[in-house]
1. Run the paramagnetic zone check for residue 356: 7 angstrom along Cα to Cβ, then residues of the stretch 188-214 with backbone nitrogen under 18 Å.
2. Would you calculate the separation in nanometres between label points at residue 167 and residue 180, each defined as 7 Å from the Cα along the Cα-to-beta-carbon direction?
3. Could you run the Karplus curve 6.51 cos²θ - 1.76 cosθ + 1.60 with θ = phi - 60° over the stretch 270-275 and give me ³J(HN,Hα) per residue in whole Hz, x for Gly and Pro?
4. With the Cα gyration tensor of the stretch 46-98 in hand, give its eigenvalues times 5 under a square root as the equivalent ellipsoid semi-axes, listed largest first in whole angstrom.
5. Given a Förster distance of 45 Å, report the FRET efficiency between residue 137 and residue 349 from their Cβ-Cβ distance, rounded to the nearest 0.05.
6. Across 10 Å bins from the origin, how do the percents of Cα pairs in the stretch 202-339 run, short distances first?
7. Where does each of 170-182, 271-283 land if you order them by average Cβ count within 10 Å, highest first?
8. What residue among 285, 250, 200 has its Cα farthest toward the positive end of the dipole of the stretch 191-314, where the charges are +1 on Lys, Arg and -1 on Asp, Glu, each on the Cβ?
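Read the figures in this text as sums done on the coordinates, not as results from a lab. Predicted model only: the values in this text are computed from it and were never measured. A quick note on method: Cβ atoms are made from the backbone with ideal geometry, for glycine too, and the neighbour counts reach across all protein chains shown.
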Amino acid sequence: MFNLKQYEDKKYTKIAVYVVVTVLISFFLCILVSMSGGFFQKVFNVIGLVLKPIITGGVIAYLVEPVVQWIQKKLKWSRAVSVITTILLVVLLVLGVVLIAVLFLGQQISSINFDNVGNLISSFSDQINEITTRVQQWFENHSIDIKAITGGVGNFVSGITGTASDIFFAMIFAVYFLLDSDGIAGYWDRVRKIFIKPETQAKVHEILMDADKCFSGYIRGQFIDAVLVGVLTTIAMLICQVPYPFVIGLLTGVGNLIPYVGPVVGFVTLFVVCLIEGAWSKLLIGGIVLAVLLFVDGNIINPKLLSSSVEVHPLLVFAAMIAGSAVGGLVGMLIAVPLAALVKIEFDKFLDRKEKEKKGSGSRK
C-alpha cells in the first residue's frame, strides 16, 4: 500500500498549517470588518487620534533630551528642574520666533505697494480668466471632479488648524516622557527580556542603534540647517536690497525643513515679491545670490550637519514624504525621511548577509 507519510516533511507541513490558519483568520476578520458597518473604522480613527500626540510627544522628548542631559550635567540640577527649564526655553524660543515673524511680516506687508498689485491683477485678469477657462475645460474633458480636489485642499487646511491642539497634548506627553524616562526605559527593558529571545535581543539593539543614528542625525541636523538657511537668506537679501528680505528668509528656512522643498519655496517667494514691486533687477541679483547660498548649503553645510544620517535616493524621499504627510502631516513628513533611511540601512544589511551566504555556499562547492 502507498504510504503518504514517508514523503511527509514535518517542517513544511507545519509551515503549510500556519499559512492556512493565517489565511482563514484573515478571511474571517475581513468578513467581520465588512459586517461591522464602520465600527472598526471609528475605532481605528480614535486610536490614530490618540497615537498622534503620543508619537509627536515622543519625538519632541527625543529631540530635547540632549539639552536636558547637558543642563543636568553642567548645572548639577535635578532631572525635574532640568526638564522644566528645557521646556520653558523651547516654548520661549518658539514664541520669540513667532513674535518676531509677526512683527516683521506685519511691517513688511503694510509697506506693500498695493497700487502695483492692483495694476498687476488688472493687467493679468484677461489671461487669468482664459487660463481658468482652459483648465476647467481640460478637467471636464478628462472627467475629473474639481469639487473633490477643492475638498482635498479644504481637508489639508483643516488639518493644519488641528495641529495646534495636537502640539499642546504632545507637549504634555513630552514632559511626562522626559520626567519618567528612566522608569519607561526600565519597564520596556523588562518587557524586552521577557518576550524577546536572547539571540534576538542583539539584533533589536542593533536596529535601535541604527534608528538613533538616522533620527538624531537627520531631525536635529535638519532643524539647525533650516535656521541657518533662514538667517543667511535674510541677511543676503538685506545686503542685496531685495524687497521683503525677512519674508523670503523665513519661508526659505521653513521650506528647508523638508528635503528639496526649500529651494522651490525660496525662488517662488523671491519671484512673487519682486513681481509685486516690479523689481526685476533685484530678482536677477537675488536669484543669483540665493542660488549660490542654497548650493553651498546643499553641498557643504547640510552634509556636515547630517553626516550621521544615511544617503537616501530622492525618489524614496518623495515617496516617504507623501506617506508621512498622509499619516501625520508636517511632523509625519519630517519623520518619514529618517524612517525611510532606517529601512534602507536594514535592507542593505539584509542584502549584504545574503551576498555573504551565497559566496560562502559557492566557495564550499
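1. What the label zone holds, given the 18 Å backbone N cut-off, is 199-210.
2. So the two model labels end up 2.6 nm from each other.
3. Each residue of the stretch 270-275 in turn: 4, 5, 5, 5, 6, 5 Hz.
4. Equivalent ellipsoid semi-axes, largest first: 24, 15, 8 Å.
5. Here the calculated transfer efficiency is 0.30.
6. Answer for the stretch 202-339: a P(r) of 12, 38, 29, 15, 4, 1, 0 percent.
7. Working: 170-182: 17.5, 271-283: 15.9.
Highest to lowest by the protection proxy: 170-182, 271-283.
8. 200
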